[in-house]
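Structure record follows, encoded as structure tokens.
The values are calculated or read from the model by the stated rules, or taken from the named source; none is laboratory data. Since this is a predicted model, take the numbers as computed values, not measurements. Neighbour counts are summed over all protein chains in view; Cβ atoms, including those assigned to glycine, are modelled from backbone coordinates with ideal geometry. With ligands, DNA and RNA removed, areas are computed over all heavy atoms of the protein, side chains included. Shrake-Rupley method; radii C 1.70, N 1.55, O 1.52, S 1.80 Å.
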Amino acid sequence: MSENMGGAIDPSSYIQHHLQHWEWNTRVGTFNVDTLLISWLLGVSFLLLFRYVAKRATMNTPSGLQNFVEMIYEFVQTQVKESFHGRNALIAPLSLTIFVWIFLMNCMDLIPVDVIPMLGQYLGASHMKAVPTTDPNLTLGMSISVFFLIQFYSLKIKGIKGFLKEVTCKPFGPLFFPANIALKIVEELARPVSLGLRLFGNLYAGELIFILIAMCGYGQFVLGLPWAIFHILVIGIQSFIFMMLTIVYLSLAHEDH
Amino acid sequence: MDINATLIGQMITFALFVWFTMKFVWPPLEKALVARQQKIAEGLAAAERGQKELEVSQKYAIQHIHEARAKAKETLEHAQKQAAAIIDQAKAEAQQERLQIVSLAHAEIEQERLMVKAQLQQEVVGLAIKSTEKLLNRVMTAADHNTLLNLDTHFSASTES
């Protein structure tokens, strides 16, 4: 928005500009380059940092950084232990990845709304959306992956017979199997949709309000701080909810009725 | 809000990230934490064991002190008894010696007395004879004779008085 800095701001074009992705059209389809780049950058930094600590992890008195990583590790492990009662080596690392990655991506929301688009212009991008979790492609991509995992483990644990039995016979009994199947499909599809859209909606709304606050002239300093402080809460809660729901859904998939 | 190929890209990214965490991040952390847990548990167990050992050795030490005290008391009593016995014995010996010395002295005194008595008698006899000789130079009367006869007794009586 640097081109508008000096002159009068046109609110609608300012907002439009901030909600536009940096797109790259290929034969396969359109890619939102900003979402991909920022999410990769954050994800890779998270993985490298954690890998660095994990490699040097000592059983003796941990240093500051290891303490920090262990704190997150234990937080995630406690949640998994409390909610997930099966045996699965995937759940805990999956939860850790979801929690930290989403948390970091949500944190991009706290960077002033114009900073990253300005950086993007230096890189030659006309548009740059800073918060990857405000892109439904990302949130739905994750929730659909979780959905596949749910179906996979449901099949694996219960077997084809058990899986089909659950689909056809619940909750009304085998006689009403068409209704059961319809209900089951709705139930299963509602999960990834709600999981992905919840995260997207919360962050998108938050970002939109940041953009609106940014148009308030000097008032933005008065309004921006309380909203940012409040938003810290949203950032943590949304990443926590995504992780918890993933654990719970997978726990349900592992339950043999 | 438009869904495009980014969705697939994100799914792949997500899968890769989860795989990386599962393979390279979670296991070493878990290993370190489990090892530490074990170490702490071992440390606590060792501390408890040490505490117990301390208690046992304290009991043992106290018992030893009591035994030593009793033994010392016994030894002291024994020594006191022995000392008393020695003193008693010495006393008895001294008493005996005293009696012996006293009786010896008595005997000596008696002997000396007898000796002196005999000497005195001799002296008295000598005196008597001398006085008799002096008297004999005079006239010997019946009275003189009587006197002479009784002189010894008379003299002894007179010396005694």
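Having 1 or more residues that are in contact with a Gly (Cβ under 7 Å, 6 or more places away or on another chain) and under 30 Å from A:Ile229 (Cα atoms) is the bar; report the helices (runs of 4 or more DSSP H) wholly within the range A:82-201 that clear it. Walk me through it before giving the result.
Details: elements: A:91-107, A:115-122, A:136-169.
Passing ranges, in order: A:91-107, A:136-169.
In this structure, is A:Phe163 at pLDDT 85 or above, open to solvent by 10 Å² or more (accessible area, probe 1.4 Å) and within 14 Å of chain B (Cβ to nearest Cβ)? Step through it out loud before you land on a result.
Numbers: at pLDDT 85 or above: yes; open to solvent by 10 Å² or more (accessible area, probe 1.4 Å): yes; within 14 Å of chain B (Cβ to nearest Cβ): no.
The answer is no for A:Phe163.
Identify all residues within the range A:76-99 that are open to solvent by 10 Å² or more (accessible area, probe 1.4 Å), closer than 26 Å to A:Ile232 by Cβ and either modelled with pLDDT under 95 or hydroxyl-bearing (Ser, Thr, Tyr) (or both); write none if there are none.
The first filter runs over the range A:76-99 and keeps only residues open to solvent by 10 Å² or more (accessible area, probe 1.4 Å), leaving A:77-90, A:92, A:99.
Then keep just the ones that are closer than 26 Å to A:Ile232 by Cβ; that gives A:77-80, A:82-83, A:92, A:99.
Across the range A:76-99, the qualifying residues are A:Gln77, A:Thr78, A:Gln79, A:Val80, A:Glu82, A:Ser83, A:Ala92.
So that you can scan it fast, the table gives a plain yes or no per residue for (1) open to solvent by 30 Å² or more (accessible area, probe 1.4 Å); (2) closer than 30 Å to A:Val33 by Cα; (3) in contact with a helix residue (DSSP H, G or I) (Cβ under 8 Å, 6 or more places away or on another chain); (4) acidic (Asp, Glu):
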site: B:Met11; (1), (2), (3), (4): yes, yes, yes, no
site: B:Trp19; (1), (2), (3), (4): yes, yes, no, no
site: B:Ile40; (1), (2), (3), (4): yes, no, no, no
site: B:Gly43; (1), (2), (3), (4): yes, no, no, no
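Going by the conditions given, is B:Arg49 more than 30 Å from A:Ser145 (Cβ to Cβ), among the basic types (Lys, Arg) and modelled with pLDDT of 95 or more? Let's see the steps before the verdict.
On the way: more than 30 Å from A:Ser145 (Cβ to Cβ): yes; among the basic types (Lys, Arg): yes; modelled with pLDDT of 95 or more: yes.
Taking the combined requirement at face value, the residue satisfies it.
Would you confirm whether any residue within the range A:233-245 is at positive phi and surrounded by fewer than 16 Cβ atoms within 10 Å (Cβ to Cβ)?
Within the range A:233-245, none of the residues are at positive phi and surrounded by fewer than 16 Cβ atoms within 10 Å (Cβ to Cβ).
Among the residues of the range A:215-232, how many are within 30 Å of A:Val76 (Cβ to Cβ), open to solvent by 30 Å² or more (accessible area, probe 1.4 Å) and touching a residue at least 60 places away in the same chain (Cβ under 8 Å)?
Number satisfying all stated conditions: 1.
Return yes or no: is A:Glu70 among the acidic types (Asp, Glu), assigned to a helix (DSSP H, G or I), surrounded by fewer than 20 Cβ atoms within 10 Å (Cβ to Cβ) and out of contact with any Pro (no Cβ under 9 Å at 6 or more places or on another chain)? It would help to see each step written out before you state the result.
Numbers: among the acidic types (Asp, Glu): yes; assigned to a helix (DSSP H, G or I): yes; surrounded by fewer than 20 Cβ atoms within 10 Å (Cβ to Cβ): yes; out of contact with any Pro (no Cβ under 9 Å at 6 or more places or on another chain): no.
Against the criterion (among the acidic types (Asp, Glu), assigned to a helix (DSSP H, G or I), surrounded by fewer than 20 Cβ atoms within 10 Å (Cβ to Cβ) and out of contact with any Pro (no Cβ under 9 Å at 6 or more places or on another chain)), A:Glu70 does not qualify.
Could you grab me the full set of residues in the range A:136-157 that are of a type in the set (Ser, Thr, Tyr) and under 14 Å from A:Val193 (Cα atoms)?
Of all residues in the range A:136-157, those of a type in the set (Ser, Thr, Tyr) come to A:139, A:143, A:145, A:153-154.
Answer for the range A:136-157, where residues must be of a type in the set (Ser, Thr, Tyr) and under 14 Å from A:Val193 (Cα atoms): A:Thr139, A:Ser143, A:Ser145.
List the pairs whose first member sits in the range A:59-70 and is within 12 Å of another protein chain (Cβ to nearest Cβ), whose second member is basic (Lys, Arg) and surrounded by 15 or more Cβ atoms within 10 Å (Cβ to Cβ), and whose Cβ atoms are under 7 Å apart, counting only residues at least 6 apart or on separate chains?
Short answer, once both residue conditions are applied: A:Met59/B:Arg36.
More than 18 Å from A:Thr97 (Cβ to Cβ), open to solvent by 70 Å² or more (accessible area, probe 1.4 Å) and at pLDDT below 95: is that true of A:Leu212 in this structure?
On the way: more than 18 Å from A:Thr97 (Cβ to Cβ): yes; open to solvent by 70 Å² or more (accessible area, probe 1.4 Å): yes; at pLDDT below 95: yes.
Considered against the rule, which asks whether it is more than 18 Å from A:Thr97 (Cβ to Cβ), open to solvent by 70 Å² or more (accessible area, probe 1.4 Å) and at pLDDT below 95, A:Leu212 comes out as yes.
Only one of A:Tyr73, A:Tyr122 is over 12 Å from the mean Cα position of the chain (by Cα), within 14 Å of chain B (Cβ to nearest Cβ) and not charged (D, E, K, R); which? So that I can check it myself, show each step before the final result.
Details: A:Tyr122 fails: within 14 Å of chain B (Cβ to nearest Cβ).
Unique residue meeting the criteria: A:Tyr73.
Taking the range A:194-209 on its own, how many of its residues are touching a helix residue (DSSP H, G or I) at 6+ places or on another chain (Cβ under 8 Å), within 12 Å of chain B (Cβ to nearest Cβ) and within 18 Å of A:Phe103 (Cβ to Cβ)?
3
Restricting to the range A:22-52, count the residues that are in a helix (DSSP H, G or I) and either more than 9 Å from chain B (Cβ to nearest Cβ) or touching a strand residue (DSSP E or B) at 6+ places or on another chain (Cβ under 6 Å) (or both).
10
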